[in-house]
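Asker: Got a structure for you, questions after.
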Amino acid sequence: MKMIKKTCLITGGNSGIGKQAAIQLAQIGFQVIIGVRNLKRGENALAEIKEKSEKNDIELLQIDMSSKKSILKASQELKNKIEKLDVLIHNAADFDIARKQPEKSVDGIETIWATNHIGPIILTNSVMDLIKNSEQGRIITIASQGLVMHPKLSVDLKDPEFENRKLSVPNAYYQSKLAQVMYTYWLAEQLKDTAITVNCIRVTNVKVDINRYPDVSGFMRFLYSIKSRFSISAEDMAKTYTYLASSSDINLVTGKYFNEKNKTVTSSPYSMKKENIDAVIKLTLRYVGQITLANNAS
Ligand SMILES: NC(=O)c1ccc[n+]([C@@H]2O[C@H](COP(=O)([O-])OP(=O)(O)OC[C@H]3O[C@@H](n4cnc5c(N)ncnc54)[C@H](OP(=O)(O)O)[C@@H]3O)[C@@H](O)[C@H]2O)c1
């Protein structure tokens, strides 16, 4: 019997954990599509992923996760190329620690909120019919272990974009990741009678290439060098991405939060409470209009 190849789209696949996950998934036989906003960086990564995985079935998809137009265009390109999407990993994220002032996306939304929370939902919506065509589709969102240090954090329903408070990049980032955890629980519940699973990964402290942020101060570089002594490699963290994307042990597992040891963990009490989840989804709907489910109901 001919095995049907599985396809995974991973956003931000040109760098860090996303690139390592792309290598691992290609190695185990996935067709991998890396979503990248910058084609030059994407082409360099593509060559490296092909070389390291010794596989050729890897492609680039240009996508800017902070732009609705770009996401819709990329989704259409994907639909012209493939008939089903087995795994969607929302790995791309904006965490520009050098930023002092809020920046707006082309859609006029604060970019951390746009890239890390709104973009992934627009993308899931627009490729849901491809995921539905998979025998067992998987949607994987990415959060952060740093949330453990902010157990009382909530999504500011009145000011998610830091329009009336001073921007703190870490606060904006953690707020967006918290919203993704809550979206994961909500979507898993909506899709519970389908074959599609939705899970979130709590990424731990992973070595980052600090040279990716040329504007970072010397002091921050020093802090990062200390932090990186306690970090795991992107390659090791990517193993959890690969596990969640491919393991048959979790075919039926949905609405869970996984750590870097592939174990389920809990998120903050706030994030698990239904009324808070509903409030965050209501806020999110103001940005995305509607959320597409597998039966096209919203
Ligand atoms: N590293 C850690 O310690 C850590 C801890 C907790 C959570 N995480 C999470 O783990 C994931 C991977 O992080 P990483 O450490 O591998 O970071 P990374 O190396 O900085 O990778 C981030 C990726 O996101 C892409 N990206 C950013 N904005 C984008 C946009 N608007 N559209 C499309 N792509 C965009 C970047 O593309 P460019 O190359 O074009 O910038 C890059 O490919 C992220 O979700 C992050 O929040 C990381």
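Asker: Please find, within the stretch 243-280, the residue that is nearest to the chain's Cα centre (by Cα) out of those that are closer than 20 Å to Leu25 by Cα and acidic (Asp, Glu).
Answerer: Glu260
Asker: Keeping to the stretch 184-201, report how many residues are touching a Ser or Thr at 6+ places or on another chain (Cβ under 7 Å) and under 23 Å from Gln145 (Cα atoms).
Answerer: Final tally of qualifying residues: 7.
Asker: When the residues of the stretch 95-114 are filtered to those that are closer than 28 Å to Leu244 by Cα and at pLDDT 95 or above, which remaining residue is farthest from the ligand (Cβ to nearest atom)?
Answerer: Trp113
Here is a yes/no grid of residues against (1) part of a loop (DSSP other than H, G, I, E, B); (2) free of Cβ contacts under 8 Å to residues at least 60 places away in the same chain; (3) within 11 Å of the ligand (Cβ to nearest atom):
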| site | (1), (2), (3) |
| --- | --- |
| Asn116 | no, no, yes |
| Ile121 | no, no, no |
| Val127 | no, no, no |
| Ile142 | no, no, yes |
| Leu153 | yes, no, no |
| Arg165 | yes, yes, no |
| Tyr173 | no, no, yes |
| Ser176 | no, no, yes |
| Gln180 | no, no, yes |
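Asker: Among the residues of the stretch 129-140, count how many are more than 15 Å from the ligand (Cβ to nearest atom) and within 15 Å of the chain's Cα centre (by Cα).
Answerer: Residues meeting the conditions: 1.
Asker: Name every residue in the stretch 76-95 that is within 15 Å of Ile139 (Cβ to Cβ) and surrounded by fewer than 21 Cβ atoms within 10 Å (Cβ to Cβ), in order of residue number.
Answerer: Lys84
Asker: Here is a further query. Identify, please: which residue in the stretch 267-283 is polar (S, T, N, Q) and touching a Phe, Trp or Tyr at 6+ places or on another chain (Cβ under 7 Å) and is, among those, nearest to Leu147 (Cα to Cα)?
Answerer: Restricting to residues being polar (S, T, N, Q) and touching a Phe, Trp or Tyr at 6+ places or on another chain (Cβ under 7 Å), the top hit is Ser267.
Residue by residue, here is whether (1) closer than 28 Å to Ile122 by Cβ; (2) basic (Lys, Arg); (3) crowded, with 16+ Cβ neighbours inside 10 Å holds:
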{"residue": "Asn171", "(1), (2), (3)": "yes, no, yes"}
{"residue": "Ser176", "(1), (2), (3)": "yes, no, yes"}
{"residue": "Ala179", "(1), (2), (3)": "yes, no, yes"}
{"residue": "Ile196", "(1), (2), (3)": "yes, no, yes"}
{"residue": "Lys207", "(1), (2), (3)": "no, yes, yes"}
{"residue": "Ser225", "(1), (2), (3)": "no, no, no"}
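Asker: Just to verify a result, which residue in the stretch 1-11, among those that are modelled with pLDDT under 95 and of a type outside the set (D, E, K, R), is farthest from the ligand (Cβ to nearest atom)?
Answerer: Met1
The values are calculated or read from the model by the stated rules, or taken from the named source; none is laboratory data. Note that the coordinates shown come from a computational prediction; the quantities given were computed from them, not determined experimentally. Using ideal geometry, Cβ is built from the backbone for each residue, glycine included, and neighbour counts are taken over all protein chains shown.
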